[in-house]
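Here the structure is laid out as structure tokens; the discussion comes afterwards.
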Amino acid sequence: MSDSLSTPDAPQPATGGEWTSHHPGVSVRHTRAKGEPRFPDGPKADPAGSHFERRIRSFQPRRSRVTAGQADALQRLWPKWGLDIDGQRTLDLPELFGNDNPVVLEIGFGMGEATAQMAAADPGTNILAVDVHTPGQGNLLNLADQGGMANIRVANGDAIILLREMLTPDSLDGLRVFFPDPWPKKRHHKRRLIQPEFLTLAATRLKPGAIVHCATDWEPYAEQMLEVLTAHPDFENTQPDGGFAPRPDFRPLTRFEGQGLDKGHVVNDLLFRRVQHHNHPPTSA
């Protein structure tokens, strides 16, 4: 749900300062020297730098105000559970998580409440959660730490670079995209994440049988998701009628979603399976 609040008009943080905590619950203004990183041991502002081509992105980077608790979590837990998407290395997922459990990639987790709930409910599944929103990264690390959930890793940066440059074929057991930015204006539709090219890339990293689970409260985007997923040769709808899926019990109802439902929004879930292509032997003449 990360990108639902990530609009170009979002307020930007004041430069040159940061909230840090010297005592629990007490925020102290700390003035950084020019060029000094906000989080020396934490997520980088632009981890991939200029190593990759410029293209239209589906997200709006934001590094807005971070609370003392979030800043503390970023400083303390990023070296342990965080990673920057720099595109310079291939991830060994069993090494990253310390086990061989299935790994689900979640793109856009907002403040991380739903991610933390799903991780707690299914400790046998590892979640690689990607976002660019610094407060959300800190909040999810804090939730994971408080809940003792060692099956979460927080990745900072562009999910496309992660998929293309840092993950190996057939390495993922699932993909979740909950409440991505709908980019409602027609001229911005090209920025939407769920497009044929993205699905083609994702399919190469998903094991046959892996589930792609999308959810959105923006009905025109839901219709587009259904259309492009249905048309894509690498995926098949898990619903016999070919439509939207009921909300699965394992996807928590978040505060954000509840607010939308209160306003009369309709939330649609889509669950599609990565298909196994069979190479048929040539028929004899």
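The values are calculated or read from the model by the stated rules, or taken from the named source; none is laboratory data. Everything numeric in this text was worked out from a predicted model, so none of it was measured. Ideal geometry is used to build each Cβ from the backbone, glycine not excepted, and the neighbour counts take in all protein chains shown. Heavy atoms of the whole protein, side chains included, go into the accessibility calculation; ligands, DNA and RNA do not. Shrake-Rupley method; radii C 1.70, N 1.55, O 1.52, S 1.80 Å.
Checked against (1) more than 14 Å from LEU172 (Cα to Cα); (2) not in a loop (DSSP other than H, G, I, E, B), VAL66 passes all but a single condition, namely (2).
Residues that are modelled with pLDDT of 95 or more and more than 12 Å from GLY42 (Cα to Cα) within region 59-84 are absent altogether. Hey, could you check region 174-198 for residues that are outside any loop (DSSP other than H, G, I, E, B) and more than 15 Å from the chain's Cα centre (by Cα) and say which is modelled with the lowest pLDDT? The residue in question is HIS188.
Could you list, in sequence order, all residues of region 221-259 that are open to solvent by less than 40 Å² (accessible area, probe 1.4 Å) and free of Cβ contacts under 8 Å to residues at least 24 places away in the same chain? Of everything in region 221-259, those that are open to solvent by less than 40 Å² (accessible area, probe 1.4 Å) and free of Cβ contacts under 8 Å to residues at least 24 places away in the same chain turn out to be GLY242, GLY243, GLY258.
Filter region 122-139 down to the residues that are closer than 21 Å to LEU91 by Cα and either touching a residue at least 60 places away in the same chain (Cβ under 8 Å) or in contact with a strand residue (DSSP E or B) (Cβ under 8 Å, 6 or more places away or on another chain) (or both) and list them by number. If the condition is that a residue be closer than 21 Å to LEU91 by Cα and either touching a residue at least 60 places away in the same chain (Cβ under 8 Å) or in contact with a strand residue (DSSP E or B) (Cβ under 8 Å, 6 or more places away or on another chain) (or both), then THR125, ASN126, ILE127, LEU128, ALA129, VAL130, ASP131, VAL132, GLN137 are the ones that fit. For LEU77, the criteria (1) over 12 Å from GLY138 (Cα atoms); (2) crowded, with 20+ Cβ neighbours inside 10 Å hold in every case but one, which is (1).
Every residue in region 98-129 that is over 17 Å from the mean Cα position of the chain (by Cα) and on the phi < 0 side of the Ramachandran plot, please. Before you say what the answer is, go through the steps one by one.
Initially, region 98-129 is screened for residues over 17 Å from the mean Cα position of the chain (by Cα), giving 98-101, 120-124.
If the condition is that a residue be over 17 Å from the mean Cα position of the chain (by Cα) and on the phi < 0 side of the Ramachandran plot, then ASN99, ASP100, ASN101, ALA120, ALA121, ASP122, PRO123, GLY124 are the ones that fit.
Across region 117-129, the qualifying residues are those that are touching a helix residue (DSSP H, G or I) at 6+ places or on another chain (Cβ under 6 Å) and surrounded by 24 or more Cβ atoms within 10 Å (Cβ to Cβ), and the one among them that is farthest from ALA155 (Cα to Cα) is ASN126.
Within region 132-173, the residues that satisfy the criterion of being part of a strand (DSSP E or B) and crowded, with 20+ Cβ neighbours inside 10 Å are HIS133, ILE152, ARG153, VAL154, ALA155, ASN156, LEU172.
One line per residue, one yes/no per condition, for (1) of a type in the set (Asp, Glu); (2) in contact with a Pro (Cβ under 6 Å, 6 or more places away or on another chain); (3) more than 23 Å from VAL130 (Cβ to Cβ):
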| residue | (1), (2), (3) |
| --- | --- |
| HIS188 | no, no, no |
| LEU193 | no, yes, no |
| ASP217 | yes, no, no |
| THR238 | no, no, yes |
| PRO252 | no, no, no |
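Just to be sure I understand, how many residues within region 260-269 are open to solvent by 100 Å² or more (accessible area, probe 1.4 Å) and either outside any loop (DSSP other than H, G, I, E, B) or modelled with pLDDT of 95 or more (or both)? Matching residues across region 260-269 total 1. Which of the residues belonging to region 199-226 are part of a helix (DSSP H, G or I) and within 27 Å of PRO252 (Cβ to Cβ)? Selection gives LEU199, ALA202, ALA203, ARG205, GLU219, PRO220, TYR221, ALA222, GLU223, GLN224, MET225, LEU226. Among the residues of region 205-220, just one is touching a helix residue (DSSP H, G or I) at 6+ places or on another chain (Cβ under 8 Å) and either surrounded by fewer than 20 Cβ atoms within 10 Å (Cβ to Cβ) or among the basic types (Lys, Arg) (or both), namely ARG205.
Looking at LEU201, LEU193, which one is surrounded by 21 or more Cβ atoms within 10 Å (Cβ to Cβ) and not charged (D, E, K, R)?
Values: LEU201 fails: surrounded by 21 or more Cβ atoms within 10 Å (Cβ to Cβ).
Just a single option satisfies the conditions, and that option is LEU193.
Restricting attention to region 232-241, the residues that are part of a loop (DSSP other than H, G, I, E, B) and touching a helix residue (DSSP H, G or I) at 6+ places or on another chain (Cβ under 7 Å) total 2.
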